[in-house]
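Before any comments, here is the structure.
The values are calculated or read from the model by the stated rules, or taken from the named source; none is laboratory data. In this text the structure is predicted, and so the values were computed from the model without any measurement. When we count neighbours, we look across all protein chains shown, and the Cβ atoms used for this are built from the backbone with ideal geometry, even at glycine.
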Amino acid sequence: MTSALEQALQAQVEELKQEIASLKERAAASQRVESELRQSRKMLQLMMDNIPQVVFWKDRHSTYVGCNQNFATIAGLERPEQIVGKVDQELPWTQEEADWYRKCDAQVMGDDEAWLQITESQTTANGKQIWINTNKVPLHDEHGQVVGILGTAEDITSHVLLQKELREKNAALESQTDALAKVQRELMKSNEELEERVRARTQKIEDQNQQLSSALAELSNAQEQLIHAEKMASLGMLTAGVAHELKNPLNFVLNFSELAIEFLSDLDEAMAASVGQIPPPVGEVVGSLRENMVRIREHGARANDIIQTMLLHSRRAPGERRPTPLNPLLTECVQFAYQGFRTKDQAFNLAIHTDLDPAVGEVSLVKQSISRAYLNIINNACYSVREAQKQLRGSRPPELWISSRLRGDAVEIRVRDNGLGISPEKLKRIFDPFFTTKPPGDGIGLGLSLCYDIIVKEHGGSMQMESQEGAYAEMITTLPCKPVEKSP
Ligand SMILES: Nc1ncnc2c1ncn2[C@@H]1O[C@H](COP(=O)(O)OP(=O)(O)OP(=O)(O)O)[C@@H](O)[C@H]1O
Ligand SMILES: [Mg+2]
């Protein structure tokens, strides 16, 4: 019996020992777990305390449950544990900030949705206002129920201040740009005004220049005309003197050549009566003598013509001016000149383009002189086109244009031909007496000089030739409509 009891007791003791051993084992295990838990909590706290962000977490009522060292420092606490059980209103933030934080907490927990990147202000324990970028995420229990929130925040004060500074600088820059643009606008405006003034002044100077150069041109023109008139006057006197001196000896030459021809006729008759008594060479000599005498008479007559023209030039009696229809006079001159050329050369054909202004009417002029002048001008044109036709072997048909136009107080008459034209050097000399480019017998160079006397001096008109050598020549003349005083 005893042994049975002992055995049962022994078994119970054994059981108890085993239970104690297992209890000891479990206690050791739980101590290990607890130490590991402490360790990992410490590690977590260490990590949280060393990250640059602030970290905090709150329960369902927005009461702080924990935070890291950074948050504790901002909140003015020495250690993170001191936060436990505190609410935002007890911390250094302003009332407004605290209310806002709690409002955000309520929304995150109510919606069960994280709210990230909230930029908000925070007043720290030392009274400084900083700017933080906060993230708030809801915390859940094992059943998925929201039990609080976890918040992380980063100090972005320097960034915000930089942005603010940037904004301010930008605004300052913009206002400076505005001011600059205003200055630029004003500058442009004054520049435009300046340019306008410069333009106006330049225009004024150009106008003055224009006036000056036209006055200069008029002056040199007047000077040229004066020199020309002087030259013409002295040449006229010389011409008159020479012509007068030559007139008498030339008359002798003409008269005696005439007489000699008559004597030769008598001699011919006498010789015919005494055929056979006179040796044959005498007959030949008499024949040659007759030919020579005829030549002397011909050339003497030509020289007489020249002398007559010269005398006409220098001693022309002033005619009486009468109102004369100008257009018919011009047509007459053209026809007369053309017929003259046609008589000498039947093959000569000229296309005449007439463009006479009916408004021209009557002009006060000395008809005989003016006819002589335009006849010479048209003769010159006909001569030139005929020569050009010869040179070009008919490849350019001769043409002549004659026009009249009423221009203010004057009539402008243009005679143009498509003949030889004239070089600029020769053009300067065409009004000089005895200037001619024609071969002896075709011209003596007094035509245009006479025209000048008639048109410019006698009638107060003007004469000017335009030409391109080998292409055309155009004589532009004007005659005043009103009677003018004859220049001396
Ligand atoms: N239409 C013209 N085309 C080309 N040259 C011309 C023309 N008219 C005049 N000339 C030039 O001007 C020169 C002078 O002309 P101007 O009438 O004074 O004398 P001219 O005709 O030579 O002789 P004349 O005393 O017989 O008229 C001419 O020899 C010629 O060289
Ligand atoms: Mg002539």
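Just checking, which of Asp453, Asp417, Asp442 is within 16 Å of ligand 2 (Cβ to nearest atom), in contact (Cβ under 8 Å) with a residue 24 or more places away in the chain and more than 28 Å from Ala351 (Cα to Cα)? Give the derivation first.
On the way: Asp417 fails: more than 28 Å from Ala351 (Cα to Cα); Asp442 fails: more than 28 Å from Ala351 (Cα to Cα).
Going through Asp453, Asp417, Asp442 in turn, just one is within 16 Å of ligand 2 (Cβ to nearest atom), in contact (Cβ under 8 Å) with a residue 24 or more places away in the chain and more than 28 Å from Ala351 (Cα to Cα): Asp453.
If we scan the stretch 330-342, do we find a residue that is of a type in the set (Gly, Ala, Ser), away from ligand 2 (no atom under 15 Å from the Cβ) and at pLDDT 95 or above?
Applying the first criterion (of a type in the set (Gly, Ala, Ser)) to the stretch 330-342 yields 337, 340.
Filter once more, keeping what is away from ligand 2 (no atom under 15 Å from the Cβ): none.
For the stretch 330-342, residues of a type in the set (Gly, Ala, Ser), away from ligand 2 (no atom under 15 Å from the Cβ) and at pLDDT 95 or above: absent.
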Apart from one, (1) touching a residue at least 12 places away in the same chain (Cβ under 8 Å); (2) more than 16 Å from ligand 2 (Cβ to nearest atom) all hold for Ser395; the odd one out is (1)
Close pairs from the stretch 285-309: first among the basic types (Lys, Arg), partner not in a helix (DSSP H, G or I), Cβ under 9 Å, at least 6 apart = Arg302/Gly441
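Conditions (1) buried (at least 16 other Cβ atoms within 10 Å of the Cβ); (2) closer than 23 Å to Met463 by Cα; (3) among the β-branched types (Val, Ile, Thr), marked per residue:
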residue	(1), (2), (3)
Phe341	yes, no, no
Asn349	no, no, no
Pro358	no, yes, no
Val366	yes, yes, yes
Gln389	yes, no, no
Val411	yes, yes, yes
Ser423	no, yes, no
Lys428	no, yes, no
Phe431	yes, yes, no
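When you check Ile352 against the structure, is it of a type in the set (Val, Ile, Thr) and under 14 Å from Ile402 (Cβ atoms), yes or no?
Working: of a type in the set (Val, Ile, Thr): yes; under 14 Å from Ile402 (Cβ atoms): yes.
The answer is yes for Ile352.
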Here, helices (runs of 4 or more DSSP H) confined to the stretch 1-115 with at least 2 residues that are touching a strand residue (DSSP E or B) at 6+ places or on another chain (Cβ under 6 Å) are 69-74, 95-111
Among the residues of the stretch 456-483, the number that are away from ligand 2 (no atom under 14 Å from the Cβ), in contact (Cβ under 8 Å) with a residue 60 or more places away in the chain and among the aliphatic types (A, V, I, L, M) is 3
Expected single match for assigned to a helix (DSSP H, G or I) and touching a residue at least 60 places away in the same chain (Cβ under 8 Å) among Ala215, Ala229, Ala153, Ala222 is Ala229
